[in-house]
Amino acid sequence: MAHTIYENFVLENKIEDMLDTQLALSQFCTVDNSLTANAGMKKIIHKYTATGDVQDLAMGVGNSTDIEVTFTDEEYEVGTTQGRFKYYDEQEMTDPMVVDTGLAGIAAKMTNDLTSKIIDELDKATLTFDASATGLTFDNVVDAIAQYPYESEGGLFLLINMADKANLRKALGDELKYVEDFARTGYIGTVCGVPVYVSKAVPEYTAYLATKEAVTLFYKKGSEIEQERDANVRQNSVYARKVMLVALTDATKVIKITTGTASTANG
């Protein structure tokens, strides 16, 4: 049986479809596929804040102050995320699923890598809430939500670590309500209408109250696929890569919650 060379665009479509399926991260970040830079190039992110206030005015009186927008710049480097797997002709002939399985493994690892990068950016939050004394209680969650600087709480989510999962369920009891509309991987319920998700990537003693506008995933549309073949030993290598960067683009949309310390965990 002759070896079948898979067209790169076929493999590209496969990895893209697998990423679309596994990448349930769009609920935790804004996805922007307009990136045109190459790996190693720099991208300047403008981080905007608005200051000032509105005023109640009598007839004939105008504003004495303005709403002012300022921004700070932060430089990010565009990177390449790449996975590689190898297989022999004999393996593919014995098990035709070997290529799909390898691509699925790359997609899963890319998803985990992106999750970690999103968490790293959320961890740069400048707004903080200390719940270390009592952990994630109902009152602490309510108070953290009250600290969110916008009147509308639409789109908020609470991202917690595995260690806090049982503690939160015990502390909230019936206040932790399961709503089918928010059913996603890691979803365990809602508190005050805010869906709660669990991720192993969230650091211990930490939680994040945020909206997807806090972090942006910039990536180059499409996946790059490249294949190599050592004809002598009939070994094939498939490379799948994405050019991207993840950045905290709106620090006003995330609150970092401290849920405990090593000393409180040890009693």
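The number of residues in the stretch 106-148 that are at pLDDT below 85 and more than 19 Å from the chain's Cα centre (by Cα) comes to 0. The set of residues in the stretch 159-197 being without any contact (Cβ under 8 Å) to a residue 12 or more places away in the chain and open to solvent by less than 90 Å² (accessible area, probe 1.4 Å) consists of Ala166, Gly173, Ala183, Tyr187. Residues in the stretch 198-244 that are touching an Asp or Glu at 6+ places or on another chain (Cβ under 6 Å), open to solvent by 60 Å² or more (accessible area, probe 1.4 Å) and not basic (Lys, Arg): Glu213 only. The set of residues from the stretch 122-151 being part of a loop (DSSP other than H, G, I, E, B) and under 26 Å from Gly173 (Cα atoms) comprises Ala131, Ser132, Ala133, Thr134, Gly135, Leu136, Thr137, Tyr148. Residue count for the stretch 55-95 under the criterion of being part of a loop (DSSP other than H, G, I, E, B) and within 28 Å of Lys43 (Cα to Cα): the result is 2. Of all residues in the stretch 84-105, those that are modelled with pLDDT under 85, of a type in the set (Asp, Glu) and crowded, with 16+ Cβ neighbours inside 10 Å total 1. At least 1 residues being more than 16 Å from the chain's Cα centre (by Cα) and small (Gly, Ala, Ser) is the threshold, and among the strands (runs of 3 or more DSSP E) wholly inside the stretch 175-248 those reaching it are 187-191, 235-248.
The values are calculated or read from the model by the stated rules, or taken from the named source; none is laboratory data. Predicted model, so just to flag it, every value in this text is computed and none were measured. Reconstructed Cβ throughout: ideal geometry from the backbone, glycine too, with neighbour counts over all protein chains shown. Note: accessible area is taken over every heavy atom of the protein model, side chains too, but ligands, DNA and RNA are not part of it. Shrake-Rupley method; radii C 1.70, N 1.55, O 1.52, S 1.80 Å.
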